[in-house]
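Right, one structure below, let's go through it.
Since every read-out is calculated from the coordinates, none of them should be taken as a lab result. Quantities reported herein were computed from a predicted structural model and do not represent experimental measurements. All Cβ positions, even for glycine, are placed from backbone atoms using ideal geometry, and neighbour counts span all protein chains on display.
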Amino acid sequence: MDDKKASGLAGMETGYLDMELLRFSTAGSVDDGKSTLIGRLLYDSKSIFEDQLQSMREASSRMGDEGVNLALLTDGLRAEREQGITIDVAYRYFATPKRKFIIADTPGHIEYTRNMVTGASTADVAIVLVDARKGIVEQTKRHSYIASLLQIPNVILAINKMDLVNFSKDVFDAIQKEFEEITTILQFKKIYFIPISARDGDNVVYASANTPWYNGETLLGLLEKIPVHSNENSLPARFPVQYIIGSNNDKHPDYRGYAGRVSGGSFKVGEAILVLPSNKRSFIEAIHEGSKELNEAFTPQSVTIQLDGNIDINRGDMFVKFTAAYPRYSSTISLHVCWLNAVPLRIGGKYIVRQTTDETSAIVKDIRFKVNINTLENIEDDKTVNMNDIAHITIKTQKPLKYDDYSENRITGSLVLIDENTFETVGAGMIVSDPEVFSYNI
Amino acid sequence: MAHRKLNHLKELESESIFIIREVAAQFDRPALLFSGGKDSIVMAYMAYKAFYPAAIPFPFVHIDTGHNFEETLTYRDKLIKQLGAKLVVGSVEESIRHGRVGEEKGYYASRNKLQTVTLLDTLEKHGFDAALGGGRRDEEKARAKERFFSHRDEFGQWDPKNQRPELWNILNGKKHTGEHFRVFPISNWTEMDVWQYILQENIPLPSLYYTHQREVFERDQILYAALPPIPRKPTEKVEVRSVRCRTIGDITCTGLTLSTANTLEEIISEIAGSRVTERGGRLDDKRSETAMEDRKKEGYF
């Protein structure tokens, strides 16, 4: 395999086997140019093929548009094309020689909050679009709040339609200042501001001659440079057991391996680990990725771990490093929940809980407050949580969960609520540790 | 210290293996839909990796239209033997014989649409409750809306407007009796990723993917194999050309690409320079703007 890499892949077209993967989300409505922006990124990075372009040309002329409507590229379902709206999360892909990109493209209206939350849950970067003529509006606050709630590490405020404000630096500066004021209450690791015109392509892929006062990166340039997965490997080590592999053939008699995906930090062969919740101690004997033996497994690798000794281990258990920072362990859990279903959340209602590979049931004890995501204020006197609402709630689980605060680990700190009868995924939860809940203690 | 970064292929592989293992953990009777095309070959390869050194804990299901390239079937049988997997074949020919479906007529006749009935019958007959498929979101605009775990009602149908939200890496495969799931572990891969992965992992492919001399004819600017399953119009003349398959379906819907690419490296640079999507050569998608969405709702792959 390495030989081939050296000999065959020197060419420009094939030379990028070692790209990184970056996932970003976009949120926006029909008028703020989000679909046009994505179309522009794909078009200018030459990720749109002739037959797609031809089919867009035909659809555009049927709908009476002149030229090619780049927005048509992202709307996939019949209803979406007919109504000219994005209903669901659409995933799009493109690559440059430096990175492969996955776009989670979501509709921006308040009734689609759940789709935005879904798209944001796996994103490394959020692009929030602002119409330069309108400045910061409710929708901007909403998208920013969701990006902050879902702990997307980087936010890019793309100030669009700069062509319609004569590429004015003053307009750009005023919007930046206003946004910085809002974000003092939201927490972002890093915010970037870019003046663009998605329609004409200014500062999207190519630097614009119309904004001589802007010295920063183009949008694509930034997406190619923002660090990804920068902190995952410095987190405390977490390995939720997903599946138990047993084999008893001639080559591998009495084989027992624990399959899973590293969900924080890393594990090395020979290290002492603790199995939660049984509190049994063991050592890592071997780590495999397929038939390949590894010395170390890190986030987000899918591997199989073999342990020393014979311990009873089940799906949903978790390996952590011995004496390192342990996860919290409790059956009373506080969380932010985004409600995903048309049937409202019920106080006293019982739901199935999925957290990492673990499953249990839970009763909703209390709705502490709802968040008005347009004004970013808490509402304490209204306790009905409908679809697309975000609330701070407390649940009591049937058995304790092993978890981290969502702000520390997006995988071990997240959960979903599932309806017991319809089996639909009805709630998305981000765990907020109470100060009174102590870490796992042995 | 080791370089603690995965390249994009390793990260995609890790995500796919996670999903394949989730299927084994959450379902009683899963199966892997195997067509003999590159996507299902990559799936088979990752399923092998996911459970090594144990055997793959589910059978492969091949829906055979009876119009397959011979090379596809030879490759299939060899791979199944190597992996020690079990194979279940659902035959469209048999569905026709039993009157479950009627053969299309005319020059454009294809068994592509009929496969859906055979597929659903096969899943039901064996009681499969999850079918792993190699569909990718970049292939087609309706597929771009698919979940990893895609719920199907008791009629095998997909309701794209009422799908379960999927957040983080939590997959909800809970279902009622009679319902099943389609699972798409390589949703996030592009055509280029698949080829690069095949190169990186050095996975052998059916010879159809490499250049070969073949009798072909042209219809609607697409080249097809001049083989019995496609009736030719008198004006369609046969010639021998150097071609290869960019995707493999059955003979009636597989467009051939003029190509001299003889190695994976050459194929990759050909695709990198290509200005047409891989499904540009698929007749089954050209029937209407929403051809794929319509077939998918009915229960297609």
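Cα centroid separation, the stretch A:279-297 to the stretch A:346-396: 38 Å.
With springs only between Cα atoms under 10 Å apart, run a GNM on chain B and tell me which of B:K86, B:K78, B:K161 wobbles the most. Most flexible of the set in this elastic network: B:K161.
Dividing the C-alpha radius of gyration of the protein assembly as shown by 2.2 N^0.38 Å, with N its residue count, gives 0.96. A cut-off of 5 Å between modelled amide H atoms, ignoring neighbours fewer than 5 places along the same chain, links A:R199 with A:K161. Look at the stretch B:145-158: the mean tally of other chain Cβ atoms within 10 Å of its residues' Cβ atoms is 1. Among B:V89, B:V194, B:V243, the residue with the largest mean-square fluctuation in a Gaussian network model of chain B, with springs joining Cα atoms closer than 10 Å, is B:V89.
The Cα-based radius of gyration of the stretch B:206-284, divided by its Kirkwood radius, gives an Rg/Rh of 0.95. Computed from backbone phi, the HN-Hα couplings of the stretch A:365-376 come to 8, 7, 9, 6, 7, 9, 10, 7, 7, 8, 10, 6 Hz, rounded to whole numbers (Karplus: 6.51 cos²θ - 1.76 cosθ + 1.60, θ = phi - 60°; Gly and Pro given as x).
Note that the stretch A:258-267 has calculated 3J(HN,Hα) couplings of 10, 8, x, 10, 4, 10, x, x, 8, 10 Hz, one per residue in order, obtained from phi through the Karplus relation 6.51 cos²θ - 1.76 cosθ + 1.60 (θ = phi - 60°); glycine and proline are x.
Restricting the calculation to alpha carbons of chain B gives Rg and Dmax of 19.0, 68 angstrom.
Within the set of other residues whose C-beta is less than 10 Å from the C-beta of A:M430, count the net charge using Lys and Arg as +1 and Asp and Glu as -1.
Working: positive: A:R410; negative: A:D405.
After counting each charged neighbour, the total is 0.
Near A:G349, the amide H atoms lying under 5 Å from its own belong to A:V364; only residues 5 or more places off or on other chains count, and H is placed 1.01 Å from N. Provide, for q = 0.13, 0.14, 0.16 Å⁻¹, the log10 of I(q)/I(0) from a solvent-free Debye sum over equal Cα point scatterers in the stretch A:233-321. Rounded to two decimals, the profile gives -0.36, -0.42, -0.55. For the stretch B:206-284, the Cβ-based charge dipole about the Cα centre amounts to some 180 debye (Lys, Arg positive; Asp, Glu negative; other atoms uncharged). Among the listed pairs A:K46/B:K5; A:K225/A:K321; A:K189/B:K174; A:K141/A:K189; A:K34/A:K134; A:K134/A:K225, those with a Cα-Cα distance over 25 Å are A:K46/B:K5; A:K225/A:K321; A:K189/B:K174; A:K134/A:K225.
Rg and Dmax of the stretch A:328-431, based on Cα coordinates, read 12.8, 37 Å.
Shown in residue order for the stretch B:27-41 are the 3J(HN,Hα) couplings computed by the Karplus curve 6.51 cos²θ - 1.76 cosθ + 1.60 at θ = phi - 60°: 10, 7, 9, x, 8, 10, 6, 10, 9, x, x, 4, 5, 6, 5 Hz (x for Gly and Pro). Charge dipole (Cα centre; +1 on Lys/Arg Cβ, -1 on Asp/Glu Cβ; no other charges) of the protein assembly as shown amounts to roughly 780 debye.
So what is the orientation-averaged projected area of the stretch B:6-48, using the convex hull of its C-alpha atoms, in nm²? Don't jump to the answer; show the numbers that get you there.
Working: hull surface 13.1 nm².
Average projection, Cα convex hull of the stretch B:6-48: 3.3 nm².
Its DSSP H runs of at least 4 residues, each contributing -39,500 (n - 2.57), put the calculated 222 nm mean residue ellipticity of the protein assembly as shown at -7000 deg cm²/dmol, to the nearest 500.
The stretch A:161-294: Rg/Rh from Cα coordinates, Kirkwood Rh?
Computed over Cα atoms, the ratio is 1.27.
Panel values: the stretch B:1-105, Kirkwood radius from alpha carbon pairs, Stokes-Einstein at 37 °C and 0.692 mPa s, translational diffusion coefficient 209 µm²/s.
Taking the Cα centre of the stretch B:82-167 as origin and assigning +1 to Lys and Arg Cβ atoms and -1 to Asp and Glu Cβ atoms, the resulting dipole is close to 200 debye.
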